[in-house]
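Inspection log for the structure reproduced underneath, given as structure tokens.
The values are calculated or read from the model by the stated rules, or taken from the named source; none is laboratory data. Being a predicted model, the structure only gives us computed values, none of them experimental. Glycine also receives a Cβ, built like all others from the backbone with ideal geometry; neighbour counts cover every protein chain displayed.
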Amino acid sequence: MPKKTVGIALFFLSLILAHVPDFFALKDPSVTIIFILQGAALTLLMGHGLPVTCATVFFCVLAIYAPQQARTADAILLYIVPLGALLGTFAYSLLPSGSPLISRVAQQVHGPLRADIARYTRYLTMFWAAFFALALLAPAVLAFTGPYGAWRWPLSGGTFGCAAGIMVIEACVRRLVIRNFDHVSLKETVSAFRKTSAKATSETV
């Protein structure tokens, strides 16, 4: 089985365990187990063994002495790091020297783009960059202005749910706005996005 597949499986297992109340009957050890699973997953996915191992050891020690604080810090990092990477990738592609990320995805699937499609994909790239920026700010804003514990809503699936809903709405809007065009399936779009975003991320780094 490929390393990345095992890494993804371990990472999702850690996320599932983090949301199973009965698992936390073990208290402190359960938090440590989750960190070990996440560390192993990141090592398999990223290949940076030493820094990931050091971070895993740090969080495991923190979990022994302050399990609740360790869980909170872990949840915040798991929220900030992916969103920060997405924001950086989308925003970087909008620089004058670059090409909008979604435009590049569309070009990979369809080839050269018409003027209206190039304009639409540029605006869509700008929209998602703004969305990721607002999503990063949402927990802090809710912590100061919302009810008690509201800052956890985005971390507990709120942001993912909003993004999924927006994607469905955008797919419908796209077919209304862009006429006389061969729209591809979601599978083809995701495949092209993975290839393009991986290349864009390496360029950003």
Pick out the one residue from Leu134, Leu176, Leu142 that is within 13 Å of Ile80 (Cα to Cα) and in a helix (DSSP H, G or I). Leu134
Counting residues that are within 17 Å of the chain's Cα centre (by Cα), of a type in the set (S, T, N, Q) and assigned by TED's automatic domain parsing to the domain that holds Ala9, which helices (runs of 4 or more DSSP H) fully inside region 23-126 reach at least 1? 28-46
Test: Ala106 is farther than 20 Å from Gly7 by Cα, at pLDDT below 80 and small (Gly, Ala, Ser): no
Lone qualifier among Arg179, Arg174, Arg119 - being touching a residue at least 24 places away in the same chain (Cβ under 8 Å) and of a type in the set (Lys, Arg): Arg174
